[in-house]
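Input: a single structure, listed below in structure tokens.
The values are calculated or read from the model by the stated rules, or taken from the named source; none is laboratory data. Please read all numbers here as calculations on a predicted model, not as lab measurements. Cβ placement follows ideal geometry from the backbone for every residue including glycine, while neighbour counts extend to all protein chains displayed. For the accessible areas, the whole protein counts, side chains as well, though only heavy atoms, and no ligand, DNA or RNA atoms are used. Shrake-Rupley method; radii C 1.70, N 1.55, O 1.52, S 1.80 Å.
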Amino acid sequence: MEVILDTDAGFCFGVNNAIDIAEKQLQDNKKTMFCIGEIVHNEAQNAILQNKGMKTVVQDDLKHLKNAKVLIRAHGEPPQTYKILQDNNAEIIDATCPIVKRLQEKIKKQYADTKNTDLQIVIFGKHNHPEVIGLLGNADNKAVVIESSQDFSLLDFSKPISIYSQTTMEEEKYLAIIEDIRMQMLQHNNTNLFINKSVCRQVSKRVPNLRDFARQNDVIIFVAGANSSNGKYLFNVCKDVNNRSYKINAIEDIEKQWFADAQRVGVSGATSTPMWQMQEVAQFIRNMQ
């Protein structure tokens, strides 16, 4: 049985950058560093950083963190978070993904330039997702978040719309929702739809590559944290083309009967799954033979 590692898998640039920043800060300073939310939706990677001195906190904890060192993860945060931390004299370690940061700035500028007009700023993304909360904050929480056409009641199709996407949304779905909005607006003789290309290319390119990888192997073992929405989505990409796809959180979840009669086993993972964890899983499967 041949075990193949998906070389396109592993941390995306934004997550990798945030973890590198966190590890450097923890190495250079023995002071406890607080992270707002999980730095990555992967239990194994979080445990490593926690053992080095990082503590995960939630928004409600921020008001109590006086003179603390606080890391902002790749998802980013709304302006209000920065204000709270500055008021508390916190040392801010900003590890926001550069792609997310540019998107925040673009939305902030458009809101400032158009807030006295009837333009609707629309964000295609998951309600209450950390990145979306940060994007909303840069529009003074006046933008409209839609996740599907079921949210169209929140829009006025007779008025101009400028649409953005959460960076990790599926590009095909973003293009489809844009077309649905365009058709609704045309019913009002409205062509004032402004489209912003904000889906991360590194994430969107993974889907066609992952489909090919899933087809090329008899069995797929997909490694992802329990809280990773990206992991759920990408695992379903595998499952759609290869019914013998199994999602695991750790080696302990692997069942030997999955590999019956398999000649090729592919190991892949979410953008929040570290390569070292996938390598461990691949080696474990090889040793089972």
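Observations on the structure shown:
- Boolean, Leu234 is modelled with pLDDT of 95 or more and either open to solvent by less than 20 Å² (accessible area, probe 1.4 Å) or part of a strand (DSSP E or B) (or both): no
- Hey, Val207 within 30 Å of Phe11 (Cβ to Cβ), surrounded by fewer than 17 Cβ atoms within 10 Å (Cβ to Cβ) and touching a residue at least 24 places away in the same chain (Cβ under 8 Å) or not: yes
- Checking each residue in the stretch 66-125 for being of a type in the set (Val, Ile, Thr) and part of a strand (DSSP E or B) picks out Val70, Ile72, Ile92, Ile93, Ile121, Val122, Ile123.
- Under the condition of being open to solvent by 40 Å² or more (accessible area, probe 1.4 Å) and over 16 Å from the mean Cα position of the chain (by Cα), the residues counted in the stretch 9-27 number 6.
- Sole exception among (1) in contact (Cβ under 8 Å) with a residue 60 or more places away in the chain; (2) surrounded by 15 or more Cβ atoms within 10 Å (Cβ to Cβ) for Pro98, by number: (2)
- So Phe235, is it farther than 22 Å from Ile19 by Cα, of a type outside the set (Lys, Arg) and under 26 Å from the mean Cα position of the chain (by Cα): yes
- Pick from the stretch 20-70, criterion in contact (Cβ under 8 Å) with a residue 24 or more places away in the chain and small (Gly, Ala, Ser), ranking: farthest from Ile92 (Cα to Cα): Ala44
- Within the stretch 204-219, the presence of at least one residue that is modelled with pLDDT under 95 and within 21 Å of Lys106 (Cα to Cα) is confirmed.
- In the condition set (1) part of a loop (DSSP other than H, G, I, E, B); (2) touching a residue at least 60 places away in the same chain (Cβ under 8 Å); (3) open to solvent by 10 Å² or more (accessible area, probe 1.4 Å), Lys197 is compliant with all but (2).
- Filtered residue count, the stretch 126-140, keeping only those that are part of a loop (DSSP other than H, G, I, E, B) and without any contact (Cβ under 8 Å) to a residue 60 or more places away in the chain: 4
- Selected residue [surrounded by 14 or more Cβ atoms within 10 Å (Cβ to Cβ) and among the acidic types (Asp, Glu)] from Glu179, Glu105, Glu171: Glu171
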